[in-house]
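Contents: one structure, followed by commentary.
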Amino acid sequence: MTSDPLLKVSNLTKTYTGSPSVIGRLLGRKPVNVRAVSDVSLTVARGEILGLIGESGCGKSTLGRAILRLHEPSSGRVEFAGTDVTALSAPDMKAMRRRMQIIFQDPYASLNPRRTVSDIVGLPLQLHGLAQSRSELRDKVAMMLEKVGLKAGQLDRYPHQFSGGQRQRIGIARALISNPEFVVCDEPVSALDVSIQAQIIQLLQDLKREFQLTYLFISHDISVIGYLSDRVAVMYLGEIVEMGPVDSVLSRPRHPYTQSLMSAVPEIEPSGKAQRVRLTGDLPSPLNPPAGCKFHTRCPLATDICRVRKPVTETVAQGHTAACHRLDENLSLLEGASA
């Protein structure tokens with residue numbers, strides 16, 4: 001892994017405009033803006049796995065898709081291998097997609113039930129002109145199926161003839177057959193049984209080594225992130241609140257939200273010594289996010305300044321940053337608050 005970033009995201013924002021219902025329009029209600037991703041900046045080094053973690057609804061998947069321009073960013077910049085992806089024309093972006101791919105979360109919804117495995121996995125080859133004949137396409141698909149643990153003899157089967165884990169292997173094969181450099185893994189194991197999750201995680205690790213891949217791995221499971229990732233970015237309500245080397249962030253989390261995620265990890269043999277940070281309330285609606293620090297409505301350490309002023313991101317250790325007004329004191333305060 002080199003220090004040169006393969007991917008650089010600068011101040012990326014994605015805002016959706018929601019139209020009111022027919023009744024809402026009759027009542028004079030105006031369209032509402034939902035900022036799903038807010039001013040996110042990050043880098044991913046070539047050969048690295050950056051884990052992105054946060055609760056459901058925090059904007060993780062939106063960020064991953066905005067990076068690939070599956071959802072057009074509202075503002076900001078995405079550079080891939082030195083190219084400004086956000087400025088590419090449609091034909092140039094089509095060519096770029098060969099190098100940037102995605103593995104979707106739901107192995108049932110992401111595969112066309114009316115297409116065979118050969119058609120599904122072979123589609124990127126057709127779109128990018130990577131197979132000169134039907135026989136060459138089938139040969140390449142058969143080889144990729146074997147790479148992901150399926151059999152070449154399953155080429156002409158349909159998705160409903162496979163289990164959930166096998167379908168996800170088909171999705172992985174489709175993402176990798178164009179020989180990409182960067183893959184967004186959008187919660188690829190969350191819909192699978194635990195035993196199958198372990199197999200898919202191991203497969204993704206093996207394929208990363210074999211094909212020299214770079215991953216943005218999105219998950220709400222901090223154990224999976226800790227096992228897989230080189231670095232981790234913690235996301236809350238569309239913003240990155242903490243980021244750094246996985247060992248540093250998970251062993252010494254500095255943001256109260258990261259500490260609450262760590263507290264939620266179950267212990268097989270509780271020692272009774274671990275401090276727990278318990279949150280109250282639900283994730284605020286992105287339709288009406290809190291002012292100041294967005295986490296203050298659930299934070300056990302919130303003070304008046306948290307309610308009115310957004311914290312700046314500060315360096316707390318080598319390569320480790322966090323955004324909190326009380327970084328200098330939150331470790332001792334959290335121990336007292338959760339004792």
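Some points to look at:
- For G51, the residues whose modelled amide H falls within less than 5 Å of its own, excluding neighbours fewer than 5 places apart on the same chain, are F217, D230, R231, V232, A233.
- Taking every C-alpha pair closer than 8 Å and separated by at least 6 residues, the mean separation divided by the residue count of the chain gives a relative contact order of 18 percent.
- Length gained on full extension, H128 to M96, computed as 0.36 nm times the residue gap minus the Cα-Cα distance: 10.5 nm.
- Charge tally in the Cβ shell below 13 Å around A90, where Lys, Arg are +1 and Asp, Glu are -1, A90 excluded: +1
- Membrane-span-like helices in the chain, defined here as complete DSSP H runs extending at least 15 Å along the helix axis by their C-alpha atoms with mean Kyte-Doolittle hydropathy no lower than 1.0, are 117-127; this is a sequence and geometry rule, not a statement about a membrane.
- Note on the range 80-226: antiparallel DSSP beta bridges, both residues inside, total approximately 10 percent of the bridges counted.
- Taken over the range 103-252, the ratio of Cα radius of gyration to 2.2 N^0.38 Å equals 1.12.
- When each of the peptides 247-259, 87-99 is scored by how many other beta carbons lie within 10 Å of its residues on average, the order from highest to lowest is 247-259, 87-99.
- Percent of beta bridges antiparallel (DSSP, the chain, rounded to nearest 5): 60 percent
- Intensity falloff of the range 155-237 expressed as log10 I(q)/I(0), Debye formula with alpha-carbon point scatterers, at q = 0.15, 0.24 Å⁻¹: -0.57, -1.32
- Over the chain, DSSP H runs of length four or greater, each weighted -39,500 (n - 2.57), average out per residue to a 222 nm ellipticity of -9500 deg cm²/dmol.
- Peptide ranges 150-163, 315-328 listed from the most packed, as the mean C-beta count within 10 angstrom indicates: 315-328, 150-163
- Over the C-alpha atoms of the chain, the Rg to Rh ratio, Rh being the Kirkwood estimate, stands at 1.00.
- Modelled this way, with points 7 Å down the Cα-to-C-beta line, the labels at Q199 and K310 are 4.5 nm from one another.
- All alpha carbon pair distances within the range 79-147 were sorted into 5 Å bins beginning at 0; the resulting P(r) in whole percents reads 3, 14, 20, 20, 20, 13, 9, 1.
- The mean sequence separation of alpha-carbon pairs under 8 Å and at least six residues apart, normalised by the residue count of the range 1-107, gives a relative contact order of 33 percent.
Any read-out appearing in this document is the output of simple, stated calculations on the displayed coordinates, not a laboratory observation. Since the structure is predicted, the reported quantities are computational estimates derived from the model, not experimental observations. Note that we place each Cβ from the backbone using ideal geometry, even for glycine, and neighbour counts take in every protein chain shown.
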